[in-house]
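Structure, as structure tokens:
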Amino acid sequence: MSTEINFENGTLTVRRVYDAPRERVFEAWVETSKVQQWWGCADCTNVRSEIEPKVGGKYNHHMTIKNAGEIPGSATLTEFDPPKRLAYTSDAPGPLGIGTMTVSVDFTEADGGTLVKLVHAGIPNMQVGPGVELSEIIKAGWTAALGKLDGFLAAAKQH
């Protein structure tokens, strides 16, 4: 599946269609055992998740990344409307101290599958290393994770 990506004014928007029913795609985002199989960037080797599927619940994903160690990820669900939408607020992982960002994910039936539209807002314009923009890391991370989600859903379809 192709991925459509747009970044402007601190907001990343990603659209991708999955060959799976909307309910199954939504479950992959909110069931801990499923999320841990696809969440994270390309260099992610392990994910520990804590999910409380309700408004105000935890939506935490701690990733172990090659050459970087464990990166904590803490968030709070602000919207939970199965199987249509989830949204959360998140502080940036690690010691960056850049404030709160928001992520919303909409799940829409499309051509026998599911269109996922992810909007990650509040990304500050900052470098996190020499010549490395935070927005590029976030963009690469979501692109890899959504690709891994496609593989997870395809494998689950075989069973």
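Below are the figures for this structure:
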{"read-out": "The range 3-158, dipole about Cα centre (Lys/Arg Cβ +1, Asp/Glu Cβ -1), debye to the nearest 20", "value": "200 debye"}
{"read-out": "Interatomic Cα distance distribution for the range 3-158, bins of 10 angstrom, percent", "value": "11, 42, 38, 9, 0"}
{"read-out": "Flagged links, alpha-carbon separation over 23 Å, of LYS54/LYS157; LYS54/LYS84; LYS66/LYS148; LYS84/LYS148; LYS34/LYS54", "value": "LYS54/LYS157"}
{"read-out": "Loop sites in the range 28-113: chymotrypsin sites (Phe, Trp or Tyr not before Pro), DSSP, at most 10 other Cβ within 10 Å", "value": "none"}
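Where a number appears in this text, it was derived from the coordinates with a stated rule and is not lab data. It should be emphasised that the depicted structure is a prediction, and the values quoted were computed from it without experimental measurement. FYI the Cβ positions are ideal-geometry reconstructions off the backbone, even for glycines, and counts take in every protein chain you see.
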